[in-house]
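All remarks here apply to the structure that follows.
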Amino acid sequence: MKHFVQRFASVAAMLASAVAAVAAPTPTFPGPAFPVFKGAADLTQRCQAGLTQAKARQRQMERHKPDARWLASADRFYGWMDDTSGPLVFVSNVHPDKAVRDASEACEQRWQQFNSSLFQSEALYKAAKQAKATDAIDRQALQDLVDAFEDSGVGLPPTERAKAKQLQDRINLLGQQFGKNVRDDVDRTWVEFTEAEMAGVPEGVWKQAPRTAQGKVRLKLDYPSYVPVMEQALSGAARERMWRAKNNEGGEANLKVLAEIVQLRNEYAGLFGHKSYADFVLRRRMARSVDKVQRFLGDVKAAVTEREKRDLDEFRAAKAMHLSQPLESTTLNRWDVAFYTERIRRERYSVDEEAFRSYFPPQQSLQFVMRLAEQMFGIKYTRVQAGAWHAEAQAYEVSDAKTGKPLAGLIVDLYPREGKYGHAAVWPLRGGATLSKRLPQAVLVVNFDRKGLTLSELETLLHEFGHALHTNLSSTRYSINAGTSVKHDFVEAPSQMLEDWVLDPRVLAQFKQVCPECKPVPDDLVTQARKARDFAKGVQTARQHLYASFDLTMYSGQKDDPLTLWQRMEGATPLGYVPGTIFPAAFSHVAQNYGAGYYGYLWSLVVAMDLRTAFEADRLDPAAGARYRSVVMSQGSQQAPDVLVRNFLGREFNSKAFYDDLAR
């Protein structure tokens with residue numbers, strides 16, 4: 001299903017808002033001000049007022065004749081819903097007050113129910129089918145709207161239509177509950193260690209951490225704690241305890257939630273005559289069919305199997321040598337993989353991920369990726385004052401470097417805190433539209449160590465910043481086609497393309513422009529880091545293949561419950577399944593917006609690596625960047641992804657760069 005369907009038909013992904021200045025200098029943050037909620041009651045009151053207005057506006061829109069003005073009016077209506085509901089439902093991810101977060105989640109449920117009704121409006125559906133289109137852009141927007149209505153069940157007989165709404169409302173509620181169970185899983189939030197078990201882990205990770213009454217160190221499962229323990233703790237027992245806790249997040253309750261989501265999604269697809277949910281959603285994506293995705297995943301598996309085996313053999317040999325024990329009696333465990341990957345990288349390539357933190361302070365790292373975007377795409381970031389949900393959130397105006405014209409707004413939330421979304425993501429809070437002069441807005445949420453970023457974390461920042469750019473550089477006629485509204489198996493490509501930039505010495509040399517006092521990363525270290533990143537690519541790609549295959553199989557109509565399926569599929573891998581772990585209980589992607597779509601990460605990576613070929617001579621080439629901004633980033637879903645890529649590359653995209661990289 002197209003991204004805008006997820007934004008409007010499911011408010012969980014319809015996170016649209018605006019963040020603007022409270023008392024800002026010129027320039028100001030574009031768009032309406034992000035509301036400052038006085039408390040949970042204030043948010044709830046605003047939620048009710050917004051829904052009341054939305055129903056009135058829907059009735060007004062339903063009376064609008066399907067003339068040449070209908071599409072523009074519909075887009076303004078959907079844009080108004082974005083601006084009204086977006087702040088209300090977004091703050092559940094970031095607000096420091098739990099009561100406000102809870103009120104936000106309750107509000108989200110109500111907006112989801114409104115949207116499932118809205119997209120079953122026969123009057124709006126008929127109007128979308130009859131509205132006048134003046135050109136190809138109008139035709140695409142109208143077709144996308146028609147698809148959204150039909151995928152919501154408007155064309156079904158009354159009984160089945162009511163069933164579709166009931167199912168969609170329940171699925172949305174369960175998806176929200178799944179995420180909440182992961183975020184609020186207090187029993188597994190903390191893991192305890194003796195100081196001796198912290199040997200090898202940088203002191204900055206644990207020295208100032210809370211202690212138990214017995215003096216044990218208490219660490220959270222957030223990435224600033226989890227990754228250093230898994231990569232550097234000398235104690236296998238410590239790594240195992242941390243790994244098991246991470247792989248049991250969400251708890252048994254989430255296994256039941258996920259099983260019900262799968263059942264209901266397949267039932268939903270059946271209402272439309274499809275044998276599975278995967279068949280239902282893939283018909284709208286680049287891949288078009290389950291068979292094509294299965295063939296693609298089969299090709300990836302064939303290309304990576306031997307390399308994965310070689311990687312694991314190296315890890316096992318490294319473990320045997322490290323522990324001074326015979327190879328034949330050495331067993332490699334899942335909690336050993338990250339540790340021996342990092343150990344071999346340090347020993348073979350003299351690359352220590354933790355050592356990069358001194359080169360990449362968080363704030364300067366943000367300024368660095370902005371500077372790269374400025375050089376590549378002819379834009380400018382200006383820090384502005386703006387009200388938001390937390391004092392540390394920072395806002396920027398994005399403008400065109402040549403004309404000074406405001407283009408978009410960006411707000412960034414860098415550091416972890418209690419109750420905040422725990423990973424890295426971008427929310428396209430406001431889709432831009434040239435016709436109504438709406439400026440796009442994005443929010444970047446990450447959780448970085450205040451001491452600095454590793455090279456991998458800088459890569460993550462560039463990845464997520466790619467999503468922000470995709471939103472901010474959008475220049476579509478209608479908001480329903482804006483930015484990341486592209487097909488779901490293309491949406492990751494513009495972000496994945498930029499990841500490789502962190503391994504270019506000339507790119508990293510630009511760091512001195514934003515941080516003259518920061519010591520530069522030596523070129524030979526960058527060269528070694530590239531070699532180190534290529535190491536263990538077999539294991540990494542094989543894991544992504546497993547995730548994608550599990551997701552696709554789960555939603556393809558098979559009968560096993562999620563954990564049984566996971567046990568069988570992970571059990572067939574070289575390291576097998578670890579009894580007592582319930583990884584699917586925290587696999588939020590497959591419970592929420594990436595259901596039957598996780599393969600999109602690998603699919604998009606194929607496209608991304610081909611896109612990179614246009615920048616092989618110079619990662620910072622402003623001419624290539626300007627063309628990329630104009631041909632790909634600005635177009636949203638006004639044109640199909642394969643058309644965008646063909647227009648940019650001058651040919652059809654292919655998988656050569658992807659498989660060449662796997663073989664390197």
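The values are calculated or read from the model by the stated rules, or taken from the named source; none is laboratory data. This structure is a prediction, so every number in the text was calculated from the model and none was measured. Note that each Cβ is placed from the backbone with ideal geometry, even for glycine, and that neighbours are counted across all protein chains shown.
Which residue out of 286, 230 is farther than 30 Å from residue 108 by Cα and either of a type outside the set (Lys, Arg) or without any contact (Cβ under 8 Å) to a residue 24 or more places away in the chain (or both)?
Going through 286, 230 in turn, just one is farther than 30 Å from residue 108 by Cα and either of a type outside the set (Lys, Arg) or without any contact (Cβ under 8 Å) to a residue 24 or more places away in the chain (or both): 230.
Here residue 397 fulfils each of the conditions (1) farther than 30 Å from residue 89 by Cα; (2) in contact with a Gly (Cβ under 7 Å, 6 or more places away or on another chain) apart from (1).
Quick test for you: out of 97, 67, 83, pick the one residue that is within 21 Å of residue 121 (Cα to Cα), touching a residue at least 24 places away in the same chain (Cβ under 8 Å) and out of contact with any helix residue (DSSP H, G or I) (no Cβ under 6 Å at 6 or more places or on another chain). Reasoning before the result, please.
On the way: 97 fails: within 21 Å of residue 121 (Cα to Cα); 83 fails: within 21 Å of residue 121 (Cα to Cα).
Among 97, 67, 83, only 67 is within 21 Å of residue 121 (Cα to Cα), touching a residue at least 24 places away in the same chain (Cβ under 8 Å) and out of contact with any helix residue (DSSP H, G or I) (no Cβ under 6 Å at 6 or more places or on another chain).
The condition of being at pLDDT 95 or above and assigned to a loop (DSSP other than H, G, I, E, B) holds for only one of 66, 32, that being 66.
Restricting segment 213-229 to residues that are in a strand (DSSP E or B) and under 29 Å from the mean Cα position of the chain (by Cα), which is surrounded by the most Cβ atoms within 10 Å (Cβ to Cβ)?
Going through segment 213-229, the residues in a strand (DSSP E or B) turn out to be 217-220.
Remaining after also requiring under 29 Å from the mean Cα position of the chain (by Cα): 218-220.
Values: 218: 15, 219: 25, 220: 18.
Filtering first and then ranking leaves 219.
Scanning segment 534-562 for residues that are farther than 23 Å from residue 658 by Cβ, surrounded by fewer than 19 Cβ atoms within 10 Å (Cβ to Cβ) and out of contact with any Ser or Thr (no Cβ under 6 Å at 6 or more places or on another chain) turns up 558, 559, 560, 561.
Within segment 134-171, can you find the residues that are small (Gly, Ala, Ser) and either in a helix (DSSP H, G or I) or more than 29 Å from the chain's Cα centre (by Cα) (or both)?
Within segment 134-171, 136, 141, 148, 155, 162, 164 qualify.
Residues in segment 634-658 that are among the polar types (S, T, N, Q) and without any contact (Cβ under 8 Å) to a residue 24 or more places away in the chain: 647 only. Considering (1) farther than 20 Å from residue 526 by Cα; (2) assigned to a loop (DSSP other than H, G, I, E, B), the lone condition that residue 407 does not fulfil carries the number (2).
Of the residues making up segment 415-443, those that are of a type in the set (A, V, I, L, M) and surrounded by fewer than 24 Cβ atoms within 10 Å (Cβ to Cβ) are 424, 425, 435, 439.
Just one of (1) in a helix (DSSP H, G or I); (2) in contact (Cβ under 8 Å) with a residue 40 or more places away in the chain; (3) assigned by TED's automatic domain parsing to the domain that holds residue 119 fails for residue 197. It is (3). Counting just the residues of segment 351-369 that are in a helix (DSSP H, G or I) and of a type in the set (Phe, Trp, Tyr), which one comes out nearest to residue 507 (Cα to Cα)? Among them, the one singled out is 368. Scanning segment 316-350 for residues being within 30 Å of the chain's Cα centre (by Cα) and either within 30 Å of residue 523 (Cα to Cα) or assigned to a helix (DSSP H, G or I) (or both) gives a total of 13.
Looking only at segment 87-98, how many residues end up being in a loop (DSSP other than H, G, I, E, B) and not β-branched (Val, Ile, Thr)? Let's see the steps before the verdict.
Step one: list which residues in segment 87-98 are in a loop (DSSP other than H, G, I, E, B), which gives 94-97.
From what's left, not β-branched (Val, Ile, Thr): 95-97.
The qualifying residues number 3.
Can you name every residue in segment 565-602 that is free of Cβ contacts under 8 Å to residues at least 40 places away in the same chain, in a loop (DSSP other than H, G, I, E, B) and over 12 Å from residue 547 (Cβ atoms)? Passing the criteria: 572, 576, 577, 579.
Of the listed requirements (1) touching a strand residue (DSSP E or B) at 6+ places or on another chain (Cβ under 6 Å); (2) farther than 25 Å from residue 93 by Cα; (3) not hydroxyl-bearing (Ser, Thr, Tyr), residue 384 misses just one: (2). Kindly indicate whether any position in segment 513-523 is in a helix (DSSP H, G or I) and modelled with pLDDT of 95 or more. Yes; the residues of segment 513-523 include at least one that is in a helix (DSSP H, G or I) and modelled with pLDDT of 95 or more.
Looking at segment 418-441 only, could you name the residues that are in contact with a strand residue (DSSP E or B) (Cβ under 9 Å, 6 or more places away or on another chain), modelled with pLDDT of 95 or more and among the basic types (Lys, Arg)? 438 - this is the single residue of segment 418-441 that is in contact with a strand residue (DSSP E or B) (Cβ under 9 Å, 6 or more places away or on another chain), modelled with pLDDT of 95 or more and among the basic types (Lys, Arg).
Results for (1) part of a helix (DSSP H, G or I); (2) modelled with pLDDT under 95; (3) farther than 19 Å from residue 166 by Cα; (4) among the hydrophobic types (A, V, I, L, M, F, W, C), shown as yes or no for each residue.
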residue: 85; (1), (2), (3), (4): yes, no, yes, no
residue: 100; (1), (2), (3), (4): yes, no, yes, yes
residue: 106; (1), (2), (3), (4): yes, no, no, yes
residue: 110; (1), (2), (3), (4): yes, no, no, no
residue: 113; (1), (2), (3), (4): yes, no, no, no
residue: 117; (1), (2), (3), (4): yes, no, no, no
residue: 120; (1), (2), (3), (4): no, no, no, no
residue: 123; (1), (2), (3), (4): yes, no, yes, yes
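Total residues in segment 289-315 satisfying the condition of being assigned to a helix (DSSP H, G or I) and either in contact with a strand residue (DSSP E or B) (Cβ under 9 Å, 6 or more places away or on another chain) or not charged (D, E, K, R) (or both): the figure is 13. Only one of these conditions is not met by residue 382: (1) surrounded by 24 or more Cβ atoms within 10 Å (Cβ to Cβ); (2) part of a strand (DSSP E or B). Which number is it? Every listed condition holds for residue 382 apart from (1). When 530, 543 are screened for being within 26 Å of residue 599 (Cβ to Cβ) and free of Cβ contacts under 8 Å to residues at least 40 places away in the same chain, only 543 passes.
Of the residues contained in segment 207-217, one or more are found to be of a type in the set (A, V, I, L, M, F, W, C) and touching a strand residue (DSSP E or B) at 6+ places or on another chain (Cβ under 6 Å).
Which one of these is surrounded by fewer than 21 Cβ atoms within 10 Å (Cβ to Cβ) and not hydroxyl-bearing (Ser, Thr, Tyr): 266, 254, 247?
Numbers: 266 fails: surrounded by fewer than 21 Cβ atoms within 10 Å (Cβ to Cβ); 254 fails: surrounded by fewer than 21 Cβ atoms within 10 Å (Cβ to Cβ).
So the residue among 266, 254, 247 that is surrounded by fewer than 21 Cβ atoms within 10 Å (Cβ to Cβ) and not hydroxyl-bearing (Ser, Thr, Tyr) is 247.
Among the residues of segment 470-512, those identified as assigned to a helix (DSSP H, G or I) and aliphatic (A, V, I, L, M) are 480, 493, 497, 498, 502, 503, 507, 508.
When you scan segment 368-376, do you find a residue that is modelled with pLDDT of 95 or more, in contact with a Ser or Thr (Cβ under 7 Å, 6 or more places away or on another chain) and not basic (Lys, Arg), even just one? Give the steps one after another, and end with the answer.
We begin by selecting, within segment 368-376, every residue modelled with pLDDT of 95 or more; these are 368-376.
From the residues that got through so far, the ones that are in contact with a Ser or Thr (Cβ under 7 Å, 6 or more places away or on another chain) too are none.
No.
Would you check if residue 235 is crowded, with 17+ Cβ neighbours inside 10 Å, farther than 30 Å from residue 352 by Cα and polar (S, T, N, Q)? No.
What tally of residues in segment 51-93 results from selecting those that are crowded, with 21+ Cβ neighbours inside 10 Å and not aromatic (Phe, Trp, Tyr)? Number of matching residues: 15. Residue-level analysis places residue 132 outside the set of residues that are charged (D, E, K, R), surrounded by fewer than 17 Cβ atoms within 10 Å (Cβ to Cβ) and modelled with pLDDT of 95 or more.
Which of the residues belonging to segment 410-436 are assigned to a loop (DSSP other than H, G, I, E, B) and among the small types (Gly, Ala, Ser)?
First, the residues of segment 410-436 that are assigned to a loop (DSSP other than H, G, I, E, B): 414-424, 431-432, 434-436.
Answer for segment 410-436, where residues must be assigned to a loop (DSSP other than H, G, I, E, B) and among the small types (Gly, Ala, Ser): 419, 422, 424, 431, 432, 436.
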